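The values are calculated or read from the model by the stated rules, or taken from the named source; none is laboratory data. Computed from a prediction, not measured in an experiment: that's the story for all the values here. Here Cβ is always computed from backbone atoms with ideal geometry, including for glycine, and neighbour counts include all displayed protein chains.
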Amino acid sequence: TGESDGSDFTDHVGHGTHCSGTIAGVMDQNGFTGVAPQAKLLMGRVCSEQGCANTAIAAGINWGISQKVDVVSMSLGGAWSTPGERDAIAKAAKAGLTVVAASGNDGSARVSYPAALPTVIAVGAVDSKLVKTDFSQWGPELAIVAPGAGVVSTVPQGSGREASVTISVAGQSAQVASTTFQGAREVLTAESNSLVDCGLGKAADFNGKNVKGKFALISRGEINFSEKIQNAIKAGAVGAVIYNNAPGLIQGALTSDGSVLPVAVFMIEQAVGQKIVQTLAAGTDVQATLLTVATDYAAMDGTSMATPHVAGVAALVKAANKNLNGAQVKELLKSTATALGPNTANEYGSGIVNAEAAVSAALSAK
């Protein structure tokens with residue numbers, strides 16, 4: 001959430017707002033809603049840009065206990081725990097709270113703390129195909145999984161970015177589905193340029209191509225996005241439009257250090273890209289107009305994004321049956337989860353959280 005002096009819980013990064021929207025976002029005009037839109041959220045800020053101190057985490061949990069919350073959701077974790085943190089978790093369990101935490105994002109067979117503690121619900125992440133994400137940590141402590149790839153939720157107002165790509169051929173224009181990439185130059189004022197077919201974006205694909213001051217049209221595949229874009233930059237392109245090599249769209253980061261490349265980079269769907277390639281091959285000019293629009297929503301990846309899904313379902317379960325304590329909620333969520341696999345090393349825990357089955361079981365347990 002950014003730095004804090006202890007009195008300011010403003011989210012300067014967007015992580016906390018994103019998690020909060022997944023738990024309790026209220027339906028808007030676009031149909032976005034959180035898992036438990038009528039839940040009451042209490043914000044306990046325990047992290048800075050340098051990380052999340054165990055003492056702060058323990059203080060946050062103890063504060064939650066004092067506020068008589070039902071569920072504690074922690075999209076955070078580390079390699080170890082401390083006596084103070086373990087004591088706070090034990091107090092939460094004794095008070096009947098449900099504590100949910102992220103398994104971690106380094107892809108290892110090791111669940112982070114505090115998720116690895118026995119009374120905590122450790123949450124891993126799956127993608128839209130219900131396959132464990134590469135980053136999701138797993139191990140014997142993993143309880144359950146939830147969506148954690150490309151999760152769209154709320155961010156501080158105006159800090160989200162939405163891609164807009166319009167393709168124009170022979171005076172006819174149409175906006176097409178698109179995404180943009182982290183680490184690419186933002187286009188806050190619409191830019192239009194001719195597209196040049198640059199194949200897979202390998203260095204050799206730019207030989208003999210005049211892309212200076214234009215947009216490179218590049219197919220996904222064979223080499224990574226960053227290498228494609230670096231080749232486009234060297235060739236003088238001011239932007240790149242990557243078309244997928246499979247149905248749908250993806251998002252990602254072009255840099256790992258937060259730096260921004262000097263080109264705009266957008267992705268369009270496979271069928272659209274292939275049609276543009278055919279049109280260019282026939283000698284017809286194709287123009288692309290690129291624009292990055294500020295929004296209140298963003299897609300993020302991580303077990304941090306999976307955790308609030310489970311916390312939201314835990315809130316629904318508590319609303320259905322207030323007599324259930326934290327241990328009972330954990331077992332209920334595990335027993336009603338939909339099994340996924342193969343699960344040879346407990347990569348999926350008990351499976352993906354199932355809100356409908358969990359609430360039905362909670363009502364039946366009254």
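General observations
- Residue under evaluation Asp296, criteria (1) surrounded by fewer than 21 Cβ atoms within 10 Å (Cβ to Cβ); (2) over 24 Å from the mean Cα position of the chain (by Cα), criterion not met: (2)
- Of the residues in the stretch 50-59, at least one is assigned to a loop (DSSP other than H, G, I, E, B), surrounded by fewer than 18 Cβ atoms within 10 Å (Cβ to Cβ) and not aromatic (Phe, Trp, Tyr).
- Selected residue (only one of Ala122, Ala109, Ala143 is farther than 17 Å from Ile23 by Cα and either surrounded by fewer than 23 Cβ atoms within 10 Å (Cβ to Cβ) or touching an Asp or Glu at 6+ places or on another chain (Cβ under 6 Å) (or both)): Ala109
- When restricted to residues that are in a helix (DSSP H, G or I), surrounded by fewer than 20 Cβ atoms within 10 Å (Cβ to Cβ) and small (Gly, Ala, Ser), the stretch 319-366 contains 9.
- The residues of the stretch 166-213 that are among the β-branched types (Val, Ile, Thr) and in a strand (DSSP E or B), listed by number, are Thr166, Ile167, Val169, Val176, Thr179, Thr180, Val196.
- Residue satisfying condition, being modelled with pLDDT of 95 or more and either touching a Gly at 6+ places or on another chain (Cβ under 7 Å) or more than 24 Å from Gly283 (Cα to Cα) (or both), within set Asn231, Asn193: Asn231
- Every listed requirement among (1) within 30 Å of the chain's Cα centre (by Cα); (2) outside any loop (DSSP other than H, G, I, E, B); (3) surrounded by fewer than 14 Cβ atoms within 10 Å (Cβ to Cβ) is met by Gly248 save one, (2).
- For the stretch 68-90, the set of residues classified as among the charged types (D, E, K, R) and touching a Phe, Trp or Tyr at 6+ places or on another chain (Cβ under 8 Å) consists of Glu85 only.
- Annotation: of all residues in the stretch 78-106 being of a type outside the set (S, T, N, Q) and within 12 Å of Ser136 (Cβ to Cβ), the one that is surrounded by the fewest Cβ atoms within 10 Å (Cβ to Cβ) is Asp106.
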